[in-house]
1. If residue 89 meets every condition in (1) within 19 Å of residue 15 (Cβ to Cβ); (2) exposed (fewer than 14 other Cβ atoms within 10 Å of the Cβ); (3) of a type in the set (A, V, I, L, M, F, W, C) apart from one, which number is that one?
2. For the range 34-83, which positions are free of Cβ contacts under 8 Å to residues at least 24 places away in the same chain and either surrounded by 19 or more Cβ atoms within 10 Å (Cβ to Cβ) or closer than 23 Å to residue 143 by Cα (or both)?
3. Six or more apart or on different chains, Cβ atoms under 8 Å: show the pairs whose first residue is in the range 96-115 and modelled with pLDDT of 90 or more and whose second is of a type in the set (Ser, Thr, Tyr) and assigned to a helix (DSSP H, G or I).
4. If we keep just the residues of the range 20-30 that are in contact (Cβ under 8 Å) with a residue 60 or more places away in the chain and not hydroxyl-bearing (Ser, Thr, Tyr), which is surrounded by the most Cβ atoms within 10 Å (Cβ to Cβ)?
5. Got a number for residues in the range 84-106 being among the polar types (S, T, N, Q) and closer than 14 Å to residue 26 by Cα?
6. Going by the structure shown, is residue 4 over 13 Å from the mean Cα position of the chain (by Cα), in a helix (DSSP H, G or I) and buried (at least 18 other Cβ atoms within 10 Å of the Cβ)?
Amino acid sequence: MTTAFYLLIIAGTLGAFDVAYFHIYTSRLAQRPECQREVLWHTVRHAVYATQFLWVANLRFHGAALLFIAALYGLDVFIAWADVLEETASRKAQGGLPRGEYFMHVVLSLLIGAYLLQVAQTVWPDRLLPTAIVLDPPPVPLPLRAMMTFMGVTALGMFAHDLRAWLRFRARPAAGVAEA
């Protein structure tokens, strides 16, 4: 799981930059009504990646427990497709996706593809073991394992924060609507 760990920590670091710079700083997606569906997909993705950071850094799934991992990756792929389909409409008023963000998404897609392949190859023999979820971190330096665990906890916090903000944004009266 070592190679998968390193691919995920690189992708997670680049993904955090993508969110901070392109989604929050440059495009201010959460503040734009036309971007709210895209924001919701990003919010759900925080929970998906939080789960991946935490399990890759700390756990090993055996037997039928691997179905949870398969479902998680299936959800990740679904969210990625939904996000790509939403971005065109969401970013239309901004002139489309910035070139740098588009490039970042290509790089991230390649990294995640390599990561998923590495995970599949690594856990394939574990399907034959008795069903269990065990504490079995990969043999990586402890500071990196701590960093990925912190990334997982931070992504969970971002999920809660962004979901609350998204719900509040959706509950606000539309601009120009007279209040009674």
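1. (1)
2. Result: 55, single match.
3. Every condition considered, the pairs that remain are 101/26.
4. At the first step, the residues of the range 20-30 found to be in contact (Cβ under 8 Å) with a residue 60 or more places away in the chain are 22, 26-27, 29-30.
The next check asks that each one be not hydroxyl-bearing (Ser, Thr, Tyr); those that pass are 22, 29-30.
On the way: 22: 18, 29: 20, 30: 17.
Among those residues, the one meeting the criterion is 29.
5. Step one: filter the range 84-106 for residues among the polar types (S, T, N, Q), giving 88, 90, 94.
Adding the requirement that they be closer than 14 Å to residue 26 by Cα leaves 94.
Number satisfying all stated conditions: 1.
6. Details: over 13 Å from the mean Cα position of the chain (by Cα): yes; in a helix (DSSP H, G or I): yes; buried (at least 18 other Cβ atoms within 10 Å of the Cβ): yes.
Considered against the rule, which asks whether it is over 13 Å from the mean Cα position of the chain (by Cα), in a helix (DSSP H, G or I) and buried (at least 18 other Cβ atoms within 10 Å of the Cβ), residue 4 comes out as yes.
Yes/no matrix, rows are residues, columns are (1) surrounded by fewer than 11 Cβ atoms within 10 Å (Cβ to Cβ); (2) closer than 26 Å to residue 18 by Cβ:
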residue	(1), (2)
106	yes, yes
109	no, yes
118	no, yes
133	no, no
159	no, yes
163	no, yes
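The values are calculated or read from the model by the stated rules, or taken from the named source; none is laboratory data. Quick caveat, the model's predicted, so the values are computed rather than measured. As a convention, Cβ positions derive from the backbone with ideal geometry for all residues, glycine included, and neighbour counts pool all protein chains shown.
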